[in-house]
Amino acid sequence: MYGLYAAMNERLLRDLGVQTLLGGEFEPGLVALANRLRDGDCSMQRGPLVNLSRVAFITPDRTGLPELARYAHLVLPGGGRKITGFTETTRGCKHVCRHCPVVPVYQGKFRAVDKDVVLADIAQQVAMGAAHISFGDPDFFNGPTHALKVIKAMHVRFPQLTFDATIKIQHLLDHAVLLPMLRECGCLFVTSAVESVDDRILGYLDKHHTRADFERVLMLCRVNGISLAPTFVPFTPWTTLDGYLDLLRELARLNLQEAVPPVQLAIRLLVPQGSYLLHLPGFAEILEPFDPKLLGYPWRHADASVDALQHEVQAAAMRTASASRAEAFREIWRLAHAAAGREAPSLDAVDPGRPVPRLSEPWYCCAEPTNQQLQAF
C-alpha cells in the first residue's frame, strides 16, 4: 500500500498482513517492488517506509485508464460542464499545519515535478478531451516561481484551457501581486483551507492566518475575477454553538452561501496517526483509542449538543445534495439556530452570492469519513 495514510497507519496495516508500505515519494519503491517480484523475491519490505528524496519523474502513462469523461468534471455557473484533467506541480508542503495529513509524512518538505513532465502530462490529457486542469498540489504556491512557469507555458500552448488550484490563505496574501497572472492564464477558482473564522481555533491548528486575512483574500480574489472556494473544518473539540453560528453569519455577510458546498459545513476534525495536533498540551487526553474504521482517534465534544448538531448538519448536507447551495445553507442555518435555542433570522434579504465554478465531486480534507462514505465500503 502507498500514499499518505499508508505510512501513517503502519502498525494497523502490518497487522492486517500488508508486506510493503510506501510513503512520501513512493514511485522508486513501487518500481523496486515490481522488480523484486518479477525476479521471484517475495521477502519483506526493503528500503525506507517514507522516502523524501528527489525523484526524476517521467510523464505518467495513462494508457488503459477510464476515459476522462468518467471522472469528476468542472461544473460551470451557467450549467455547462468541462471534462477535467488532473496533475501536480509539487508534492508535499513546506508548512506544518497541525491537523494536515501531509505533515506527518513530509514534515515541512515539498518536492517539485519537472515543468516539462507536467506540461507533457497536461498535453496528453488535453488530447484525451480535457478542457480544464485541476492542479492537485497540497499548495500550488509552495514554489510560486515554478507554478508560474508551468501555467504561463500551459497558457501559451493551450490558451483556451482553464484551471483551478489549492493555495493557502497566507500564500494568497504574500503573493497577491501574482493573482492577475493566475486569472490571465485561465484560473477560474482557488480552493483555500480557511478551516475556521475563530482566531483561537486557527491558532490551535497553526494555520498562520486570521479571520481578517480570510476576508482580505476573498476581496483580492473578487477584484481579480477569481472565485474563492473556502473549505472548513467547522466541528472541532473547541467549537461552540455560538462559534458555529458565527461562522454561518460570516458566510452570509460575505455572500458566500453559493460558494461553500453544504458538506463543508458538516466536516468533523480527523485526528490521524502522527497528527501534529498530538503536540498540543493536553490534546491526547480528550481522545479515545485509535479506531481503524476511521483511520483516526475518535473524540467526543464536551458539549453533547455540538456533536448532535454535527450529525444533523451532515444529514442535511446529504439530504439537500440536489438542491442549490443557498437552499442547503438555509436548512443548516435553521438547524444551527434551533440547536442554540434561538429563532433563525430571515435570510430573504441576504444576497447568497452567485454560483461559482466547481468540481462535480465534493472536496474533503482533514475530515473524518461521513456515514455515507463508510457505508459505501
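Here, each number is a calculation from the coordinates, and none is a lab measurement. Here the structure is a predicted model, which means the values were calculated and not measured. With ideal geometry, Cβ positions are generated from the backbone for all residues, glycine too; neighbour counts draw on all protein chains shown.
The table below gives the values:
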| read-out | value |
| --- | --- |
| In nm, spacing of pseudo-spin labels at residue 223 and residue 38 (7 Å Cα→C-beta vector) | 5.6 |
| Length gained when the stretch residue 184-residue 31 is fully extended (0.36 nm per residue, less Cα-Cα span) | 51.1 nm |
| Partners for residue 152 among aspartates and glutamates (Cα-Cα distance below 16 Å; same-chain residues under 8 apart left out) | 88, 114, 116, 121, 164, 184 |
| Euclidean distance of C-alpha centroids, segment 112-155 and segment 332-377, integer Å | 31 |
| Segment 155-288 - convex hull of the alpha-carbon atoms, volume per residue in Å³ | 132 |
| Footprinting exposure proxy for 249, 157, 268 (fewest neighbouring C-beta atoms within 10 Å first) | 157, 249, 268 |
| Extension gain, residue 319 back to residue 69 (0.36 nm per residue minus Cα-Cα distance, nm) | 87.4 nm |
| Normalised contact order of the chain, rounded percent, pairs of Cα under 8 Å and 6 or more residues apart | 15 |
| Computed [θ] at 222 nm, helices only, for the chain once each DSSP H run of length n ≥ 4 contributes -39500 (n - 2.57) | -10500 deg cm²/dmol |
| Contact order normalised by residue count of segment 8-116, Cα under 8 Å, 6+ apart, percent | 22 |
| Taking 236, 370 and counting other C-beta atoms within 10 Å, the order from fewest to most | 370, 236 |
| Set of lysines with alpha-carbon distance to residue 94 below 20 Å, sequence-local pairs under 8 removed | 109, 115, 149, 168, 207 |
| Theoretical gain in end-to-end length, residue 53 to residue 240 [0.36 nm per residue, Cα-Cα removed] | 63.1 nm |
| Amide N of segment 266-286 lying under 18 Å from the label point, which is placed 7 angstrom from the Cα of residue 14 along Cα→Cβ | 273-275 |
| Mean-position separation - Cα centroids, segment 159-222 and segment 252-315, in angstrom | 22 |
| Ranked 162, 84, criterion: other C-beta atoms within 10 Å, fewest first | 162, 84 |
